[in-house]
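The structure appears right after this line, and notes come after that.
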Amino acid sequence: MCASCDARDDLRGEIARMKRVVLLWLLALACVAGLVRLGIWQLHRAEFKEALLAHSHQVLAEREAQPLATAADAPMPDKESPDAYEWTSGNGHFLPVPAIRLDNQARGGQQGIRVYRVFQPDGARHALLVELGWRPLPSRKDIPAEPDPPSVSQVRGMLSPPPAAGISLGGSAVQRQSDGSLLLIRLDPDSVAPVLRIGNGLAPRVLRLDPGMKIGYKRDLAMLSGTLPPEQHRGYAVQWFALAAGLLIATIVVSRRKSARKDS
């Protein structure tokens, strides 16, 4: 009778041990799968940014300008496609509406803002936001007023998706300043258009002015400004894969030690 009880106890113990081992492996494999997916995502980001850099270099080298009116009315291409970036030029005029200023924009290790004005291309249904460049912002309590829109009738530059949102410091996403300009923490043309009372709306892309144009502020056409370059994405991918391999090895070691203790 005692031998039978001991056998049942041993069986229950063995079942409990197997359950713990199975749970350990399920948890470990789930974590490994997650780490591998993060590594693969980093590799995909590296590939995308390499394609973007190659495309932008070609666009800047050739500078075959698309008509601005046609480009402004075109729908937004896939943001993950290099086709969202193209060189354009055309005639029109800046509208007498308040300036748009995007907050939390770093340049050369210094914080500042990017200034945008609304430009209406000739023959286009939609107006579009034109980046005039970057200016330093020493203090948000004393933001300098914006001058009147530039008096030029032709613009040229790189059409691009709106910049990624900056770091939120709290408060409203749109703040109207004393000079009437709008201070934003994210740039969404669809949200800006009704605030500025742009009847036909704004084009989904923004125009980054050619730095050679003698208007506005400091600017360049760097494609990956403020984001990770491809090689850094690959470095992170290696780290995620290494963590996955380390976790898998650790799980194997723990399982074998548990089995060795059981046998002893």
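A few remarks follow.
- Some residue of the range 220-229 being in contact (Cβ under 8 Å) with a residue 12 or more places away in the chain and of a type in the set (Asp, Glu): no
The rows are residues; the columns are (1) basic (Lys, Arg); (2) outside the structural domain of residue 184 (by TED's automatic domain parsing); (3) more than 17 Å from residue 198 (Cα to Cα); (4) without any contact (Cβ under 8 Å) to a residue 24 or more places away in the chain.
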site: 56; (1), (2), (3), (4): no, yes, yes, no
site: 59; (1), (2), (3), (4): no, yes, yes, no
site: 82; (1), (2), (3), (4): no, no, yes, no
site: 88; (1), (2), (3), (4): no, no, yes, no
site: 98; (1), (2), (3), (4): no, no, no, no
site: 109; (1), (2), (3), (4): no, no, yes, yes
site: 120; (1), (2), (3), (4): no, no, no, no
site: 127; (1), (2), (3), (4): no, no, no, no
site: 134; (1), (2), (3), (4): no, no, yes, no
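- Residue 132 in contact with a Leu (Cβ under 6 Å, 6 or more places away or on another chain) and either under 30 Å from residue 242 (Cβ atoms) or aliphatic (A, V, I, L, M) (or both): no
- Which numbered condition residue 157 fails, given (1) at negative phi; (2) touching a residue at least 12 places away in the same chain (Cβ under 8 Å): (1)
- Selection within the range 192-201: residues that are in contact (Cβ under 8 Å) with a residue 24 or more places away in the chain and more than 17 Å from residue 181 (Cα to Cα). The member of this set that is surrounded by the fewest Cβ atoms within 10 Å (Cβ to Cβ) is 200.
The values are calculated or read from the model by the stated rules, or taken from the named source; none is laboratory data. All values reported here derive from a predicted model rather than from experimental measurement. Quick reminder, even Gly has a Cβ in these numbers, built from the backbone with ideal geometry, and neighbours come from all protein chains shown.
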